[in-house]
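The values are calculated or read from the model by the stated rules, or taken from the named source; none is laboratory data. Given the structure is predicted, the values throughout are model-derived calculations rather than measurements. Virtual Cβ from ideal backbone geometry, glycine too; neighbours counted across all protein chains shown.
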Amino acid sequence: MLDKTILVVDDEQDLLVMTRSIFEGAGYTQIETASSAEGALRLISKKMPDMVILDVMMPDMDGFELLQEIRAVSSVPVLMLTARGEAEDKFAGFELGADDYIVKPFLPKELLLRVQAILKRAYPEKNRIITLENSMIDLDQAEVIKNGQHIPLTAKEYCIFQKLADNAGHIVTIGLLCQSVCGEIWQGYETTLMTHIRHIREKIEKNPSEPVSLLTVKGLGYKLVVRGADK
Amino acid sequence: MKPVERFFRKYFLSMIGVIVLFLFLNIVLFFSVLIWAWQSPDLAEISIYDISERIIADESGNLTTENDLPEILQENHAWAMLLDDKGTVVWQEHLPDELPLQYTAADIAKFSRWYLQGYPVYVQEHPGGLLVVGVEKNSLVKYNFIVNEDYIKKIFIGIIAVFIVNIIVVVLLIWKNTHHVEKAVAPILRGIETISAGQTVLLPEKGELAEINQKLNKAGSFIAKKDNARAEWISGISHDIRTPLSVILGFAGQLEDDESLPAAAREQAAYIRRQGEKLRSLVSDLNLASKLEYSMQPLRMEKVFAVEMARQAVCEFLDGGIDNLYTIDFASDPQSETVFMLGDAALLKRALCNLIQNSITHNPKGCSVSVSVICNESSTFITVADDGVGVSTEKLKELRAKTRHIESIDEKLNLKHGLGILLVWQIVEAHHGTMEITSAPQNGCQTCLTFPNGQK
């Protein structure tokens, strides 16, 4: 993941230096910067980066136009960076095919997490194996490996687990989990979700009634604790 | 719009009052004139009865007159004669020379009704014949009318009908006129009300009062332009602050995490970051607050499941890594889960986050925050409570006293507590909701937001 090429485009030189410093501090090695849309297009024409971070307001061409130009030739993930907090901007960006959106001023951690999430989504790792305290989960095979035994996950359990794994270390609300199974209209699924969670626990935990990996956050949702993660 | 309608109703009633007064005055004046005319000196004070009484006829037909009779006639420039059954003058006093002494039945019929050769005459039956008393020419007007009863009735009813129709027509005309004026003026009055509420107006620039409407539109758009300029200015400033602030936050964060630096330097970097974060939230609050204040932020109304919305807001805090000094609980019930309200999800979440942030900011020594969302069929109740230091009575009064408009902030320039609560007020208002703050010093603070579910 850390070897992906990330192109940052912003007309503010100091911001470019800062973002480069953040990414390099986090271990990313291939950071490119451009201080104008023209420069960005030149870099892109030479070699398409793995991800683009785009400022919306630039003097020569606004970020949306640049996004359109990029979208005309590539589906590379794009994160929009804007100094305007308006919802309209956000929606315009998504409509033109941006993958995510950050409003300035952002916290370094927020930028890193978002980029990480986008990269993970765009370039899924092969052999995705998640290591928990008492078991391992092979997402490609949709099975749990506990004490040398292979226990398959049902389709719904898989959906729920994947959602939790994508947000490992963070609380995933009950609503978002239900949504991952049922889609937009999920109200009323909460009790069924609890049953699924219980089943998942039976498969991944040593003692399902005292979970250490799949934690309940009372009233809010659930959190998956991955072994070796820094959170 | 009550005052405008009240004004025109009053105006209409006062017009009716004027008409009633006018009629009453006329009736009084009319009778006054009658009484005045009645009292004017009579040209003929002479009474035919008096004269008749002064002429006495005995059984044999001989006539005797009282002594003062010639005098009375003289005073009144009158004359008198007595005709027998054949129309012959049997007695006379001051009879003008030009008048004959013999009258036919036709003559008698004529003069008793009209005039005798220009002399107005009174006629009365007398034991001695027919008494005729004449007065000076042109001193009396004689009317005679003979009508049938039906005619009188019709005239009487007709007059009443005309009177009533007149009243109705006058009232209708007044009503129509008032209505006309109201139609022209009411929009202007409403426009003034709208402008005073800080909104723009667009009145049709036609009709008799087009010029006034035009000026009102101009005033409205002028105010709007000023407000817009203000909001734009704030938006511009906050935009320009954002990029430098990103750089400050970014580098400060990195310095803070740099383990090769001395602890003191890292701590200083942490101060810079924390203060930078305060600026960050102030900038975004200021921008949104000014946009909401000047109605430049369109609401994106959609179905919002408040329970899930609140969960996500709370999770953002918990995941954002709050200090160990703080705990945030969340409570709801299964029934509330399926209820939705119409609202702008992003703004509602912002309001809730601001309330939670407020509890954290005002309790630097830590506190536990409880968030609860309860929905019934008609309303959604979002409550944020903490067990922290609470709010002084004075400050509570200030918070409740609708100081939620940006103007009041400008006047006081008091941004010590940030724009958080102001923004919550604005969001609640934009959703037609209510906000209730209860608190006691050292006894925590509780804020309850109530929103109607079905509003558009």
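Observations on the structure shown:
- Counting only residues that are among the polar types (S, T, N, Q), surrounded by 12 or more Cβ atoms within 10 Å (Cβ to Cβ) and either over 20 Å from B:Gln117 (Cβ atoms) or touching an Asp or Glu at 6+ places or on another chain (Cβ under 8 Å) (or both), segment B:48-102 holds 4 of them.
- Within segment A:92-137, the set of residues being within 14 Å of chain B (Cβ to nearest Cβ) and assigned to a strand (DSSP E or B) comprises A:Tyr101, A:Ile102, A:Val103.
- B:Arg230 passes every criterion in (1) surrounded by 13 or more Cβ atoms within 10 Å (Cβ to Cβ); (2) within 12 Å of chain A (Cβ to nearest Cβ); (3) farther than 23 Å from A:Glu24 by Cα; (4) not β-branched (Val, Ile, Thr) apart from (2).
- Qualifying positions in segment B:193-216 - over 30 Å from A:Arg84 (Cα atoms) and without any contact (Cβ under 8 Å) to a residue 24 or more places away in the chain: B:Ser196, B:Leu202, B:Leu203, B:Pro204, B:Glu205, B:Lys206, B:Gly207, B:Ala210, B:Glu211, B:Gln214, B:Lys215
- The number of residues in segment B:307-350 being among the basic types (Lys, Arg) and more than 44 Å from the chain's Cα centre (by Cα) comes to 1.
- Members of segment A:166-188 that are surrounded by 17 or more Cβ atoms within 10 Å (Cβ to Cβ), of a type in the set (A, V, I, L, M, F, W, C) and assigned to a helix (DSSP H, G or I): A:Ile174, A:Leu176, A:Leu177, A:Cys178, A:Val181
- Residues being more than 21 Å from B:Ala346 (Cα to Cα) and free of Cβ contacts under 8 Å to residues at least 40 places away in the same chain are entirely absent from segment A:81-94.
- Of all residues in segment B:141-159, those that are surrounded by 10 or more Cβ atoms within 10 Å (Cβ to Cβ) and either closer than 21 Å to B:Asp97 by Cβ or among the β-branched types (Val, Ile, Thr) (or both) total 4.
- Of all residues in segment A:60-80, at least one satisfies being more than 14 Å from chain B (Cβ to nearest Cβ), under 22 Å from A:Gly27 (Cα atoms), surrounded by fewer than 20 Cβ atoms within 10 Å (Cβ to Cβ) and out of contact with any Lys or Arg (no Cβ under 7 Å at 6 or more places or on another chain).
- So B:Leu261, is it at pLDDT 90 or above, more than 8 Å from chain A (Cβ to nearest Cβ) and surrounded by 22 or more Cβ atoms within 10 Å (Cβ to Cβ): no
Let's see how each residue does on (1) out of contact with any Gly (no Cβ under 9 Å at 6 or more places or on another chain); (2) part of a strand (DSSP E or B); (3) within 13 Å of another protein chain (Cβ to nearest Cβ); (4) without any contact (Cβ under 8 Å) to a residue 24 or more places away in the chain:
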site	(1), (2), (3), (4)
A:Asp3	yes, no, no, no
A:Asp11	yes, no, yes, no
A:Leu16	yes, no, yes, yes
A:Ser21	no, no, yes, yes
A:Tyr28	yes, no, no, no
A:Ile31	yes, yes, no, no
A:Glu38	yes, no, no, yes
A:Ile44	yes, no, no, no
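- The set of residues in segment B:164-176 that are surrounded by 11 or more Cβ atoms within 10 Å (Cβ to Cβ) and either over 17 Å from the mean Cα position of the chain (by Cα) or not assigned by TED's automatic domain parsing to the domain that holds B:Phe7 (or both) comprises B:Asn166, B:Ile167, B:Val170, B:Val171, B:Leu173, B:Ile174.
- So B:Leu347, is it within 10 Å of another protein chain (Cβ to nearest Cβ), under 25 Å from B:Leu292 (Cα atoms) and either touching a His at 6+ places or on another chain (Cβ under 7 Å) or buried (at least 16 other Cβ atoms within 10 Å of the Cβ) (or both): yes
- Residues in segment B:334-368 that are β-branched (Val, Ile, Thr) and farther than 26 Å from A:Gln187 by Cα: B:Ile360, B:Thr361.
- Selection within segment B:298-316: residues that are in contact (Cβ under 8 Å) with a residue 40 or more places away in the chain and either surrounded by 19 or more Cβ atoms within 10 Å (Cβ to Cβ) or β-branched (Val, Ile, Thr) (or both). The member of this set that is nearest to the other protein chains (Cβ to nearest Cβ) is B:Val314.
- Tally of residues being part of a helix (DSSP H, G or I) and without any contact (Cβ under 8 Å) to a residue 40 or more places away in the chain across segment B:142-176: 23
- In segment B:317-330, the residues that are surrounded by fewer than 16 Cβ atoms within 10 Å (Cβ to Cβ), facing chain A (nearest Cβ under 10 Å) and in a strand (DSSP E or B): B:Asp329
- With respect to the stated conditions, B:Gly220 is more than 10 Å from chain A (Cβ to nearest Cβ), of a type outside the set (Ser, Thr, Tyr), crowded, with 19+ Cβ neighbours inside 10 Å and in a helix (DSSP H, G or I).
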